[in-house]
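Undergrad: Handing you this structure, nothing more for now.
The values are calculated or read from the model by the stated rules, or taken from the named source; none is laboratory data. Nothing here was measured: the structure is a model prediction, and the numbers come from that model. Virtual Cβ from ideal backbone geometry, glycine too; neighbours counted across all protein chains shown. To get the accessible areas, we keep the full protein, side chains included, count just its heavy atoms, and leave off ligands, DNA and RNA. Shrake-Rupley method; radii C 1.70, N 1.55, O 1.52, S 1.80 Å.
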Amino acid sequence: MITGYRPRILSQLQQTIAPLKAERVLDFGSGDGYFASHISNLPGIRQVTPVDVVERKQSLLKPILYDGHR
């Protein structure tokens, strides 16, 4: 089922991040990497670090795996 959830959340993230003039973004709980991959295309963003507890087979970006101890 395709919904407007992801585009709506992405728009909100873009509006939140843009005024910060951030160069680096941490996507903790990155899931399949959808948001991290799109945020990396924002003007001025040089680095997006996706982090999750598992790597999904069809991830758009390879996350750094967090095991709860680091």
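Undergrad: Considering only DSSP states other than H, G, I, E and B, which chymotrypsin sites (Phe, Trp or Tyr not before Pro) in the chain qualify as loop sites with at most 16 other Cβ atoms within 10 Å?
TA: Details: sites: Y5, F28, Y34, F35, Y66; in loops: Y66.
For chymotrypsin sites (Phe, Trp or Tyr not before Pro) across the chain that sit outside H, G, I, E and B with at most 16 neighbouring Cβ atoms in 10 Å, the list reads Y66.
Undergrad: For L10 paired with H38, estimate the spin-label separation in nm (one decimal), with each label point 7 Å from Cα along the Cα-to-Cβ line.
TA: Rounded to a tenth, the inter-label distance reads 0.4 nm.
Undergrad: Put a dot 7 Å past each Cα toward the Cβ at T3 and I17; how far apart are the dots in nm?
TA: Taking the simple label geometry, I17 and T3 are separated by 2.2 nm.
Undergrad: Note down the magnitude of the dipole of the chain about its Cα centre, charges +1 on Lys and Arg C-beta and -1 on Asp and Glu C-beta and zero elsewhere, to the nearest 20 debye.
TA: On the way: 9 positive and 6 negative charges, 29 e Å.
So the dipole magnitude of the chain works out to roughly 140 debye.
Undergrad: Turning to a different aspect of this structure: Counting only protein heavy atoms, what percent of the accessible surface of the chain is carbon or sulfur at a 1.4 Å probe?
TA: The C+S portion of the solvent-accessible surface of the chain is 55 percent.
Undergrad: Just to confirm, what accessible area per residue do you get for the chain at 1.4 Å probe, in whole Å²?
TA: Numbers: 5380 Å² over 70 residues.
Here the per-residue accessible area is 77 Å².
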